[in-house]
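Below is one structure, written out as structure tokens; the observations come after it.
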Amino acid sequence: MHRFRAVIAALTLGVPFAASAAEITRIASSFEDDDPFDLFLDVGFERTQTRAKIVREQLRDGDATNVPEVNELWYKGVDARLNLAVAFGLWKDLEFSFKLPIVFQQNETWNFVSGTTQGNSTITNSCFNADGSPYSDEGCVGRLFQVPQESYRGGLGNVHFGLAYAFFNQEKDDTKPTWIVGIDYEAPTAKQRDPSLDNTDPDGDRGNVGDRVHKYQLYTTFSRKMGVAEPYFKASHTIPVRGPGAYSNCDQSSAPPPGNLGAPYNCYREPWTRQETGIKAPSQTALTFGMELVPFENAAKSQKFTLDLRLLGNYVGRGRYYNELSSALRKLLTSDDYLQVGGQVGITARAAEAFTIRASGNFLYNTDHLLTTEAIGQDLNGDGTVDTAVGSPELNPTFDWRYDLVSRRFRAIQSTTFRFDLGATFSF
């Protein structure tokens, strides 16, 4: 009973116990009196699966106020990769890190939901061309894309470089928490992913996985060990910047009709520059609240077993990017913003000072969001409206009348993401 009360006091009042940083606030530190050099080598397998139902707006009886959504597809995306990372101390509590992901597969599948068939789907019975003209005098006999369908991609991913500094380190001063501020830079090193290419042959060449976008993630983390528990917090914000060779939908402007662009004649004409019609990756803001519990620890043998519990939240902004329908519709698509909320459970076992293994699984629910909501154009002459007549310079060339127009748009609902990680750390 006395021991139980001591643990409770440590959790609630912060009585200092032997400190060791949680994994989220681990940092390599060199040139210490008792530790001249720190180096961590991480090897991990990561598998992420996203599943969503895709519905579509459907105008009824020409009434703009009556636009119900009909079920169309089940989408599944699977990303399996090997992450190789190294982190070492540049100075006291100053860490440099490097990570290279090897993407084994980045596959996507689309299948009809129950009750939807080739005969009643709006995907296989499309009425219009990309420019809004009727597909055929014979009626709605067009097809947006083949269903069922599967696409295949893989290869080397984008390289990451990181720099982090611990302003406070509880391992050195147990009166203070561990506080780290850092930046992670994702360089656009992977080969460009071209959504217009056909990657549906499992025996053919797999598509590339690169987005050609610089990403700068600024983050801060806090942790405080209190007895058998170490609560922690992390906040981050990711800023995307278009890199060299980034894809633009206007790269398809020379394709023969009907094509995927509503007004290809406006491509590369002001204001529809390559930058304006190209990729616009969304910014992201994430928060993590968690606690690492240590039910077993043998400090003399550097052995420890921990249970890691986290709550996760992530805001994904609006952007023109690769989404759940890009590979099927063969272009970058503009998605609305959405939230990801969920949790994670992980375990870590340190068998010795030099070797640690870990495993975790997290689940995220993605709020409903539009997948095809490109702006129709810009009011260039200031009359308050966008001239949508054929040949108008105000028309957005990447707008597609088949699915960007209100009453024809696609939306992702019931979207979930599950990720499993298994890895090992070698410490030197």
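The values are calculated or read from the model by the stated rules, or taken from the named source; none is laboratory data. Since we're looking at a predicted model, the values are computed, not measured. We place every Cβ from the backbone using ideal geometry, glycine too, and count neighbours over all the protein chains shown. Keep in mind that these areas ignore ligands, DNA and RNA; they rest on the heavy atoms of the full protein, side chains included. Shrake-Rupley method; radii C 1.70, N 1.55, O 1.52, S 1.80 Å.
At a glance:
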{"item": "When segment 233-328 is reduced to its Cα atoms, the Kirkwood hydrodynamic radius in Å", "result": "17.7 Å"}
{"item": "Lys, Arg +1 and Asp, Glu -1 on Cβ, resulting dipole of the chain about Cα centre, debye, nearest 20", "result": "940 debye"}
{"item": "Solution diffusion estimate, µm²/s, Stokes-Einstein, segment 53-149, Kirkwood Rh from C-alpha pairs, 37 °C, viscosity 0.692 mPa s", "result": "187 µm²/s"}
{"item": "Charged-residue dipole, Cβ positions (Lys, Arg, Asp, Glu), segment 130-208 about Cα centre, Debye nearest 20", "result": "360 debye"}
{"item": "Volume per residue of the C-alpha convex hull in segment 298-369, rounded to whole Å³", "result": "126 Å³"}
{"item": "Heavy-atom accessible area per residue - segment 235-364, 1.4 Å, Å²", "result": "46 Å²"}
{"item": "Of Val209, Val147, Val390, the one that fluctuates the most in a GNM where the chain has Cα springs shorter than 10 Å", "result": "Val390"}
{"item": "q = 0.11 Å⁻¹: log10 I(q)/I(0) that the Debye formula gives for segment 334-428, counting C-alpha atoms only", "result": "-0.59"}
{"item": "Cα-only Debye scattering, segment 207-283: base-10 log of I(q)/I(0) at q = 0.11, 0.18 Å⁻¹", "result": "-0.49, -0.84"}
{"item": "Computed magnitude of the charge dipole of segment 112-266 (debye, nearest 20; Cβ of K, R +1, Cβ of D, E -1)", "result": "720 debye"}
{"item": "For segment 128-209, fraction of C-alpha pairs farther apart than 18 Å, in %", "result": "70 percent"}
{"item": "Helical contribution to [θ] at 222 nm, DSSP H n ≥ 4, -39,500 (n - 2.57), averaged over the chain, rounded to 500", "result": "-1000 deg cm²/dmol"}
{"item": "Whole-percent carbon and sulfur share, accessible surface of the chain, 1.4 Å", "result": "58 percent"}
{"item": "Geometric extent, Cα atoms of the chain - Rg, Dmax (angstrom)", "result": "25.5, 86"}
{"item": "Extreme residue, positive dipole direction of the chain, given options Ser327, Gly44, Gly155 (C-beta unit charges)", "result": "Gly44"}
{"item": "Stretch in the chain that is longest and holds no trypsin sites (Lys or Arg not before Pro) that DSSP places in a loop and that have at most 16 other beta carbons within 10 Å", "result": "319-428"}
{"item": "Highest-MSF residue in the chain out of Thr416, Thr273, Thr373 [GNM, Cα springs under 10 Å]", "result": "Thr273"}
{"item": "Sequence-distant lysines (8 or more away, or on other chains) whose Cα lies within less than 28 Å of Lys215", "result": "Lys76, Lys92, Lys99, Lys191, Lys234, Lys280, Lys331"}
{"item": "Gaussian network model of the chain, Cα within-10 Å springs - most flexible of Cys250, Cys140, Cys267", "result": "Cys140"}
{"item": "On Cα atoms only, tilt of 2-13 relative to the major axis of the chain in degrees", "result": "50 degrees"}
{"item": "Reference-scaled alpha-carbon Rg (2.2 N^0.38 Å with N residues) for segment 154-301", "result": "1.56"}
{"item": "Listed residues Thr367, Gly384, Gly342: farthest to the positive end of the dipole of the chain (Cβ charges)", "result": "Gly342"}
{"item": "Förster radius 22 Å - calculated FRET efficiency between Leu82 and Phe161 (Cβ-Cβ, nearest 0.05)", "result": "0.75"}
{"item": "For Gly89, net neighbour charge (Lys/Arg +1, Asp/Glu -1) across residues whose Cβ lies under 10 Å away", "result": "-4"}
